[in-house]
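Colleague: My questions all concern the structure below.
The values are calculated or read from the model by the stated rules, or taken from the named source; none is laboratory data. Just so it is clear, the model here is predicted, and its values are computed rather than measured. Every residue, glycine as well, gets a Cβ built from its backbone with ideal geometry; the counts of neighbours run over all protein chains shown. Note: areas computed on protein heavy atoms with side chains; ligands, DNA, RNA excluded. Shrake-Rupley method; radii C 1.70, N 1.55, O 1.52, S 1.80 Å.
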Amino acid sequence: MKRLILALAASVAFAGMSVAQTYPTKPITMIVPFAAGGPTDIVARLVSENMSKTLGQQIVVENVAGAGGTTGITRASQAKPDGYTIMMGHMGTHGAAPALYANLKYDPVKDFEPVGMAAGTPILIVTKKAFPANDMKEFVAYLKANADKVNQAHAGVGAVSHMTCILLNSQIGVKPTAVPYGGTGPALNDLVSGQVDYMCDQIVNLVSQVKAGSIKALAIASAERSPALPDVPTTKEAGLPEYQVAAWNAVFAPKGTPKDVVAKLTSALNTALDDAGTRKRLEDLGGVLPTKDERGGEWLGKFVASEVARWNPVLKASK
Ligand code: MLT
């Protein structure tokens, strides 16, 4: 009997060891909870390309859009926790969602193994090219006078583009018509073609269209201008200093994913964040890379808890 117990214990230990040692042996799916071509998709594809090289297996991005990102994250949170399904969550899915969805099927703090921060993404206020305002002051004045005629695109309730424009609109004191999309990738297409008037969006989605002049960027909602768009004034410079907000995108695995597997994913993400080519591509798009202190699962877990606590009262107060 004793020998049998010892043999069983040894085989369990060996199985645990071999999972982490051999992982990954097949492609990994990274769920992006928004449409292809938008900011979360862009960050996911940039970091996963380099992570795939490190891990020796392809990371396949799967876009599962809906309900401000909560559809995809719900699905990812319920996947088998074996390291073969991971996700790119963000400030909306893992910060705002609990305040906005009474029946949310996941808890951002308890139901995930945090892998690490991928990129901070400053927020810009952008309008269609033909919008009759060329700076922030004209924009605020126009909105106040014409809120019933203006429409604002967003990526669903709880998405970054939704919550950051709730903040903007409430500071200006307007309630324009909101037009939801499956992501700000498709919303940006409609902004470029002039079908919607404005949105609040993450910089990584916007740099090429702003540079091309096909949309107007009125201000960036951070303390400093972005080196990726140095001509765009900060909200402070543009006359709306109280509007300060920035988003983030981060990698998570479902709760119960083995610790050694999560450690391999974290290490591959860190390698991507140290890779000169990946860094340049993210920074050229205005992404803000996490410092060494802001990396890894432990830091991210604490950060998510602080984000839920930060957004809950703000969003509940805004109804
Ligand atoms: C996206 O990828 O479409 C965005 O992250 C959506 C958003 O949160 O605004």
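Colleague: Test each condition in (1) within 16 Å of the ligand (Cβ to nearest atom); (2) part of a helix (DSSP H, G or I); (3) over 22 Å from residue 209 (Cβ atoms) for residue 41 and report the one that comes out false.
Modeller: Just one mismatch for residue 41, condition (3).
Colleague: Is one or more of the residues making up segment 114-128 free of Cβ contacts under 8 Å to residues at least 60 places away in the same chain, in contact with a strand residue (DSSP E or B) (Cβ under 9 Å, 6 or more places away or on another chain) and of a type in the set (A, V, I, L, M)?
Modeller: Looking through segment 114-128, none of the residues is free of Cβ contacts under 8 Å to residues at least 60 places away in the same chain, in contact with a strand residue (DSSP E or B) (Cβ under 9 Å, 6 or more places away or on another chain) and of a type in the set (A, V, I, L, M).
Colleague: Give the residues of segment 267-288 that are touching a residue at least 24 places away in the same chain (Cβ under 8 Å) and open to solvent by 20 Å² or more (accessible area, probe 1.4 Å), sorted by residue number.
Modeller: 267, 270, 271, 275, 277, 281, 283, 284, 285, 288
Colleague: Which members of segment 109-127 meet the condition of being in a strand (DSSP E or B), of a type in the set (A, V, I, L, M, F, W, C) and open to solvent by 10 Å² or more (accessible area, probe 1.4 Å)?
Modeller: Selection gives 117 alone.
Colleague: OK, next. Pick from 221, 212, 217: which is out of contact with any Lys or Arg (no Cβ under 9 Å at 6 or more places or on another chain) and either among the aromatic types (Phe, Trp, Tyr) or within 13 Å of residue 134 (Cα to Cα) (or both)?
Modeller: The unique qualifying residue is 217.
Colleague: Check off (1) of a type in the set (A, V, I, L, M, F, W, C); (2) in contact with a helix residue (DSSP H, G or I) (Cβ under 8 Å, 6 or more places away or on another chain); (3) more than 15 Å from the ligand (Cβ to nearest atom) for residue 212 and give me the number that stays unchecked.
Modeller: Every listed condition holds for residue 212 apart from (2).
Colleague: Still on this structure: Looking only at segment 67-104, which residues are part of a helix (DSSP H, G or I), open to solvent by less than 10 Å² (accessible area, probe 1.4 Å) and away from the ligand (no atom under 13 Å from the Cβ)?
Modeller: 76
Colleague: Counting residues that are open to solvent by 30 Å² or more (accessible area, probe 1.4 Å) and outside the structural domain of residue 34 (by TED's automatic domain parsing), which strands (runs of 3 or more DSSP E) fully inside segment 132-225 reach at least 3?
Modeller: 177-180
Colleague: Something else: Search segment 25-52 for residues that are more than 20 Å from residue 74 (Cα to Cα) and pair each with any residue that is of a type in the set (Lys, Arg) and more than 9 Å from the ligand (Cβ to nearest atom) when their beta-carbon atoms are under 7 Å apart and the residues are at least 6 apart or on different chains.
Modeller: 46/281
Colleague: Taking interchain pairs and intrachain pairs at least six residues apart, which have beta carbon atoms under 7 angstrom, with the first residue in segment 164-185 and charged (D, E, K, R) and the second away from the ligand (no atom under 16 Å from the Cβ)?
Modeller: 175/147
Colleague: Follow-up question, since we're still on this one. Are any of the residues in segment 59-66 touching a residue at least 12 places away in the same chain (Cβ under 8 Å), in contact with a Gly (Cβ under 8 Å, 6 or more places away or on another chain) and surrounded by 23 or more Cβ atoms within 10 Å (Cβ to Cβ)?
Modeller: So far as segment 59-66 goes, yes, one or more of its residues are touching a residue at least 12 places away in the same chain (Cβ under 8 Å), in contact with a Gly (Cβ under 8 Å, 6 or more places away or on another chain) and surrounded by 23 or more Cβ atoms within 10 Å (Cβ to Cβ).
Colleague: Please go through segment 226-238 and give me each residue that is open to solvent by less than 40 Å² (accessible area, probe 1.4 Å) and not polar (S, T, N, Q), ordered by number.
Modeller: Of everything in segment 226-238, those that are open to solvent by less than 40 Å² (accessible area, probe 1.4 Å) and not polar (S, T, N, Q) turn out to be 228, 229, 232, 233, 238.
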